[in-house]
1. Compute for chain D: radius of gyration divided by Kirkwood radius, i.e. Rg/Rh, restricted to C-alpha atoms, rounded to two decimals.
2. Quantify how strongly other chains surround peptide A:33-45 by giving the mean number of their Cβ atoms within 10 Å of each of its Cβ atoms.
3. Stokes-Einstein at 20 °C, 1.002 mPa s, Kirkwood radius from Cα pairs: D for segment A:48-138 in µm² s⁻¹?
4. What does the highest-first list of D:65-77, D:23-35 look like by mean Cβ count within 10 Å?
5. With 10 angstrom as the radius, rank B:39, A:20 by how many other C-beta atoms surround their C-beta, starting from the fewest.
6. Can you pull the one-decimal nm distance between simple spin-label points at residue A:68 and residue B:13, each 7 Å off the Cα toward Cβ?
7. Taking only DSSP H segments of four or more residues, each worth -39500 (n - 2.57), what value at 222 nm results for chain A once the sum is divided by all its residues, to the nearest 500 deg cm²/dmol?
8. P(r) of chain B in 10 Å steps, Cα pairs, percent per bin?
Ligand SMILES: Nc1ncnc2c1ncn2[C@@H]1O[C@H](COP(=O)(O)OP(=O)(O)O)[C@@H](O)[C@H]1O
Ligand SMILES: Nc1ncnc2c1ncn2[C@@H]1O[C@H](COP(=O)(O)OP(=O)(O)O)[C@@H](O)[C@H]1O
């Protein structure tokens, strides 16, 4: 077993910057999954983190219109949780304008997109959005399940 | 097959910053290996890149005495090669002071360490060291084997 | 490099099976949709999507699956997913896809379900 | 979390087998060395290191393997590595470890080689 040591008080911080290019969201996803593995998240937890970070990156790729075309990802490793921040320096948006998706509508000829935030919120324990004309940060927290971890051995 | 698109002229750049903590070299290794996979390096090439970056990170962890305890890694994705730069803001060293390792000496009670650069040089196509009182950058290049790639499809 | 398909299609007796690849993103979704439309034109109405090889999906890829569900609804066809990883199964449930498409553990179970209700 | 060993040891007829884990780093190397020293004290002189599960090694981990080779040289023992991945095999050749330790494809071949020259 390979594990991270546990200095409980201060978060270890890892930063990753990727260009907005097709498939590079997978680099973010695999970096996240390696970190989650070292933190001893279980397999489902790792897959959920992977999926959530992909959605956050794709939103930045697709919607931010960032002129520099970069996504900044910060991983905060804490004893009991992993916090992921996905930031772009794009145009931002108004979260209250976001219309929730509906499967009933979607299968009846309506809008099929709009699932990103819903998935992030369901797969992670907490999702917070900060957005403005400077860009957007999506901050997601995934708690470790009790007993599953090996961080504090 | 998942691949990166091929805008041949400009390098795509990915940056990663990791703290100098046990096992976090694996995050660098897995990030590198995902990038190499997307570039369609073959499996042996990916493993060689993984091993080389681990050695470069461990050198920074162990020898740099960087006060901030961080390693900065930059990946330059080019159509025919991957360039990895591993930088620390530590004390630097004098490459001409580095004594080459010897297996004959090692198995006869002599020094057993000192293999990092030899391995990096053998596993990668080019290794360049820039070092000074500002710190150290190890710049490594791995060429893609002809025919093995899918970048320029 | 060409000649590699992200999607494999197989024809059964009155149904077609589509196999998705490692990552179901927009590109893979579009390829899937193309094969699906071809089979639809050939007259197939019962589909199994075997996701055994799929480790990662994204919501853009899934939105293309919803398109396929819509088309089958219009035509009175059926779509069954099988071999979903836990996270993909969870994702389909979160989105409510499972209200409009069935999920089975294996391809055999999916085929059996099609035969039963044929 | 305790009770997990990065190294597994098995005893054969006149030899011992050590199995390394996913990542042979300093910690895993030290654990390996500890088990090795215990077996050495028990009188074992022929060792097989099965690296089937090992995907990654680093030079600090390997330097501990060199220590083990040294100890066996002093005592007239033998060390055989088996199931090396291509990159680990290449690494051992680059370092010259293969001049002082044998490499076999499988554990069976390693055992056969020990019996032959016993
Ligand atoms: N990083 C971002 N920058 C600008 N707008 C965004 C960003 N992320 C999300 N949005 C806005 O929020 C909407 C909802 O996003 P989401 O739930 O992920 O669904 P989808 O991406 O499928 O539209 C998007 O359509 C977009 O208008
Ligand atoms: N990032 C670095 N900062 C300072 N010194 C370094 C760095 N990398 C390597 N060195 C010096 O170069 C020597 C040789 O390194 P290497 O070949 O990797 O072997 P080893 O790490 O086993 O000593 C080290 O012992 C150290 O003195």
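Each reported figure results from applying straightforward, stated rules to the coordinates on display, with no laboratory input. Predicted, not measured: the structure shown is a model, and the values here were computed from it. All Cβ positions, glycine included, derive from the backbone under ideal geometry; neighbour counts span all protein chains shown.
1. With Rg and the Kirkwood Rh in hand, the quotient comes to 0.93.
2. Whole-number average of other-chain Cβ neighbours for A:33-45 is 3.
3. Here the translational diffusion coefficient equals 153 µm²/s.
4. Ranked from most to least packed, the peptides come out as D:23-35, D:65-77.
5. A:20, B:39
6. Going by the 7 Å Cα→Cβ label model, 1.0 nm.
7. -9500 deg cm²/dmol
8. Percent of Cα pairs in each bin: 11, 39, 32, 15, 3, 0.
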